[in-house]
Amino acid sequence: MSSERPDSDQVETDAPVLSHYLEFEAYVTGGIRESVAHQRKILDELGVRYTTGPSIEVDVFHCNLVGPRSLWHATRARSNGIPVIAHTHVTAEDFGDSFRFTNALSKPLKPYLEWAYGQADLLVCPSEYNRRLIETYTDTPTTVISNGVDLEKLDGFESLADEYRQRYGLEPPVVFLVGHVLKRKGLETFVELARRLPELDFAWFGPLDLRMKGRDTTRLIRESPDNCTFTGYVDDIRGAYAAGDIFCFPTHEENEGIALLEAMAAGKAMIVRDIEPFSWLEDGEECLKVDAPPGEIDPFVDAVRRLGDPELRRRLGSNAAGRSESLSLTSIADRYRTLYAEVS
């Protein structure tokens, strides 16, 4: 992997040099890839020197996945007195109902992660919920730093509304979701909602590779009603937030959810399943929470119908946007500066 260095006039000469490594980087997509991009943008802005390849010629070894190569280098780093930081993006709880074979792999994954996370000196968890899970895996010290939201990435998204609505044949108010199309993220609920509300357009913006999907996921997508659009990969993610009006996130498990943070920053009214990962959001103020077990659709139908009120959508979206300011990359940058200073 190539090294990345900030401009010389930005470098903090007393800052540690990092190995900021993402194993399988050429293949990893979705939230983990976005989180790593956010971290590196922060490092660049802080003027911290780092390499993206695995190295022990550094002051800190930071891995974002605990694959075999990461662990080999982590072991070498620790034996040479170099502190090891690992991000806890992956848990057994959120691994199932994702891609083909992930259900079968989720059971043996947990003991592996218990051992792997135990090889680090410090674990970085993207949310308090994730930390509570990880503390059942290992007694390795933890700290919480949000994945954050890149406000610059969304800059000017409003101007794309007409283009993206016309491209996908959408009429507002559009109920939407952003990210990989996964059963775990509430695919069945999303499709059934569209079936129950034929007067509304539903759109799921995100990669759609049916070769990687299980039978149930493929069936749900292929049998979805005409008012439910799966766009596949979009070249400019701003278009998704421009075209959508009601961000509906019926996920069953989430470590944090970068798409949710982006929807907040875009000022979108949100509906979320009332699960522990979203306990930090206030029902009726920043979102509508739906307490419904898998397969129960009526409470989601009611929530979508409530958000037919433009004033309620505006109020919830405005409150969510205000809350998201504390999660911007600028706001969380000092957490990383402190993190590396403390362990090096």
Query raised in the report: Restricting attention to region 231-271, which residues are assigned to a strand (DSSP E or B) and buried (at least 20 other Cβ atoms within 10 Å of the Cβ)?
Result: THR231, ILE246, PHE247, CYS248, PHE249, ALA269, MET270, ILE271
Report task. State yes or no: is GLU23 in the same structural domain as GLY118 (by TED's automatic domain parsing), in contact with a Lys or Arg (Cβ under 6 Å, 6 or more places away or on another chain), of a type outside the set (Val, Ile, Thr) and modelled with pLDDT of 95 or more? Result -> yes
Query - Within region 17-48, considering residues that are of a type outside the set (A, V, I, L, M), closer than 12 Å to HIS62 by Cα and in contact (Cβ under 8 Å) with a residue 40 or more places away in the chain, the one surrounded by the fewest Cβ atoms within 10 Å (Cβ to Cβ) - result: GLU23
Query - Qualifying strands (runs of 3 or more DSSP E) (wholly inside region 102-214; at least 1 residues being of a type in the set (D, E, K, R)) - result: 201-205
Query raised in the report: Do the conditions hold for SER324, that is, is it in contact (Cβ under 8 Å) with a residue 40 or more places away in the chain and surrounded by fewer than 18 Cβ atoms within 10 Å (Cβ to Cβ)?
Result: no
Report summary line: Condition set in contact with a Ser or Thr (Cβ under 7 Å, 6 or more places away or on another chain) and free of Cβ contacts under 8 Å to residues at least 40 places away in the same chain, scope region 178-200, selection nearest to ALA263 (Cα to Cα): answer is LEU187
Report summary line: Within region 210-237, restricting to residues that are in contact with a strand residue (DSSP E or B) (Cβ under 8 Å, 6 or more places away or on another chain) and among the hydroxyl-bearing types (Ser, Thr, Tyr), the one that is farthest from SER159 (Cα to Cα) is SER224
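The values are calculated or read from the model by the stated rules, or taken from the named source; none is laboratory data. Just so it is clear, the structure is predicted and the values come from calculations on it, not from any experiment. All Cβ positions, glycine included, derive from the backbone under ideal geometry; neighbour counts span all protein chains shown.
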